[in-house]
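Asker: Below: one structure in structure tokens.
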Amino acid sequence: MANAVTSLCCVVLAAVVVVFAQKRSLQGARVQYERMGSDVTMQCGTLEADASVTWKVNGTDVKAQRVEQGSRLILKQVDLSSSGLYSCFQDPGGERRDQINLRVGTPPKDPVVMCRSNTYPKGFYCSWHLQHLTYIPTEFEVQVKHNQRSLDVQRDPIHKNRCNVKFPELFSTFKYRVNVTAINALGQASTIISFDEFNIVKPDPPEKVVATPIPNNVRRLEVTWSSPSTWPDVENFPLKYFLRYRPLIREQWQHVELSDSTSHTITDAYAGKEYIIQVAAKDMEIGTWSDWSVAVHATPWIDEPRQSTSTTEAEVVIETTPSAAPPSAKPQLSVPVDSCCTLAGSSLLLLASTLLSVV
């Protein structure tokens, strides 16, 4: 057991040493970015053009399609598999003279940009992404202007490709102009969008949606919810709501629009059927509807049947014909008590009269 543990520790230690050595090598190597599909030339340090060198990639022989010209290595039509750490060694001593970290990728294309205010009237945010990977580090520059004035842009601490901007003034008639530029070692591309303040207002979905049955009402459900916590001033900038619900057995939704209310009673539910319910929110005057809230499920109140015996059931029990009794050895004659007494009295009188006649 001890030998197995020792062997495992040695393997782990060796792996750590290899990773550490690779990181040290990468730190000392110069990075060379090249476009996918191109022919790439790498020069072994400052050696003369006719110097005799040997090339390795990630510690092994170079197997890609290549041409070796003295101190230069030419790779043909590189792809993602061509990326790696290339090392050159001068013959015949085998001394390493240079290291190149080759990174193959593509220049960025126009980023997709979207801006939205879910914290109106405090401000808005803009987010962006690339529709196609570049496979190499790509940075983004963001500029926001309003009425020819550049606004302060704060990078979001949580979301990488997102920034936050405060509204410089409310109810402005000037458009906002946002320019996002993607930049990497192989090129750059920009996207510019412009919009009015009122067009980007979109609250987050309502929260804490709850649907509960109402006792003794088989067709009603009470639905309550809370305003989105990200909406900063619901008193001065009230929201209206849109409720939709349907039984699970149907595909068609029923809708109710509500003004400044965070509850609603569904009165036309099917008795005993499970319902799915969602709510959306919107500023009373501007912007668009939020996404739907998380769906909740509920079933109207169900009246449980009572345990009782009806008159009909009692009559049925009475009229039920009992099973036949087992036959007895002798039939039993049952004589009424009064008849027995009368018979005994008559016998005594007859005996008394007989005795008197004999005397």
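Asker: Would you say ARG219 is among the basic types (Lys, Arg) and assigned to a loop (DSSP other than H, G, I, E, B)? Even if it seems obvious, please write down each step before you answer.
Answerer: Values: among the basic types (Lys, Arg): yes; assigned to a loop (DSSP other than H, G, I, E, B): yes.
Yes; evaluated as a whole, the condition is true for this residue.
Asker: Now a separate question. Quick one: would you say VAL113 is open to solvent by less than 20 Å² (accessible area, probe 1.4 Å) and either at pLDDT below 95 or under 29 Å from GLY187 (Cβ atoms) (or both)? Before you say what the answer is, go through the steps one by one.
Answerer: Details: open to solvent by less than 20 Å² (accessible area, probe 1.4 Å): no; either at pLDDT below 95 or under 29 Å from GLY187 (Cβ atoms) (or both): yes.
So VAL113 does not fit the description; no.
Asker: What are the residues in the range 222-248 that are assigned to a loop (DSSP other than H, G, I, E, B) and within 13 Å of ALA298 (Cα to Cα), if any?
Answerer: Residue satisfying the conditions is LEU248 alone.
Asker: List the number of the failed condition for TYR245; all other conditions in (1) in contact (Cβ under 8 Å) with a residue 60 or more places away in the chain; (2) surrounded by 16 or more Cβ atoms within 10 Å (Cβ to Cβ) hold.
Answerer: Against the list (1) in contact (Cβ under 8 Å) with a residue 60 or more places away in the chain; (2) surrounded by 16 or more Cβ atoms within 10 Å (Cβ to Cβ), TYR245 comes up short only on (1).
Asker: Spot the failing condition for VAL178; the list is (1) in contact with a Cys (Cβ under 9 Å, 6 or more places away or on another chain); (2) assigned to a loop (DSSP other than H, G, I, E, B), and only one is missed.
Answerer: VAL178 satisfies all of (1) in contact with a Cys (Cβ under 9 Å, 6 or more places away or on another chain); (2) assigned to a loop (DSSP other than H, G, I, E, B) except (2).
Asker: Considering PRO107, PRO137, which residue is closer than 24 Å to ILE193 by Cβ and in a loop (DSSP other than H, G, I, E, B)? Give the steps one after another, and end with the answer.
Answerer: Numbers: PRO137 fails: closer than 24 Å to ILE193 by Cβ.
Residue meeting the stated conditions: PRO107.
Asker: Which pairs turn up if I take residues in the range 37-54 that are of a type in the set (Asp, Glu) and look for partners that are crowded, with 17+ Cβ neighbours inside 10 Å with beta carbon separation below 9 Å, at least 6 apart in sequence or on another chain?
Answerer: ASP39/LEU75; ASP39/VAL78; GLU48/SER71; ASP50/SER71
Asker: Ok, one more. Of all the residues that make up the range 248-281, how many are open to solvent by 50 Å² or more (accessible area, probe 1.4 Å), among the hydrophobic types (A, V, I, L, M, F, W, C) and closer than 17 Å to TRP292 by Cβ?
Answerer: Total meeting the criteria: 2.
Asker: Let me ask another. Suppose we keep only residues that are modelled with pLDDT of 95 or more and open to solvent by less than 20 Å² (accessible area, probe 1.4 Å) within the range 163-180. Which one would you say is nearest to PRO121 (Cα to Cα)?
Answerer: If we take residues in the range 163-180 being modelled with pLDDT of 95 or more and open to solvent by less than 20 Å² (accessible area, probe 1.4 Å), then VAL165 is nearest to PRO121 (Cα to Cα).
Asker: Turning to a different aspect of this structure: Mind checking which residues of the range 116-134 are part of a loop (DSSP other than H, G, I, E, B) and not charged (D, E, K, R)?
Answerer: First, pick out the residues of the range 116-134 that are part of a loop (DSSP other than H, G, I, E, B): 118-122, 130-134.
ASN118, THR119, TYR120, PRO121, LEU130, GLN131, HIS132, LEU133, THR134, listed by residue number.
Asker: Could you pull out the residue among GLN77, GLN131 that is closer than 30 Å to TYR176 by Cβ and loosely packed, with under 13 Cβ neighbours inside 10 Å?
Answerer: Numbers: GLN77 fails: closer than 30 Å to TYR176 by Cβ.
Within the list GLN77, GLN131, the selection yields GLN131.
Asker: Can you tell which of TRP301, TRP292 is within 17 Å of PRO228 (Cβ to Cβ), open to solvent by 40 Å² or more (accessible area, probe 1.4 Å) and either in a strand (DSSP E or B) or in contact (Cβ under 8 Å) with a residue 40 or more places away in the chain (or both)?
Answerer: TRP292
Asker: For residues that are part of a strand (DSSP E or B) and of a type in the set (Phe, Trp, Tyr), tally how many sit in the range 181-208.
Answerer: Step one: list which residues in the range 181-208 are part of a strand (DSSP E or B), which gives 181-184, 187-195, 201, 207-208.
Right, trim to of a type in the set (Phe, Trp, Tyr) and you get 195.
Total satisfying the criteria: 1.
Asker: Taking PRO213, is it in the same structural domain as TRP289 (by the TED database), more than 26 Å from the chain's Cα centre (by Cα) and surrounded by fewer than 16 Cβ atoms within 10 Å (Cβ to Cβ)?
Answerer: Numbers: in the same structural domain as TRP289 (by the TED database): yes; more than 26 Å from the chain's Cα centre (by Cα): yes; surrounded by fewer than 16 Cβ atoms within 10 Å (Cβ to Cβ): no.
When the stated conditions are applied, PRO213 does not pass them.
The values are calculated or read from the model by the stated rules, or taken from the named source; none is laboratory data. Just so it is clear, the structure is predicted and the values come from calculations on it, not from any experiment. In this analysis, Cβ positions are derived from the backbone assuming ideal geometry, glycine residues included, and neighbour counts consider all displayed protein chains. In case anyone asks, the SASA skips ligands and DNA or RNA and just uses the protein heavy atoms, side chains included. Shrake-Rupley method; radii C 1.70, N 1.55, O 1.52, S 1.80 Å.
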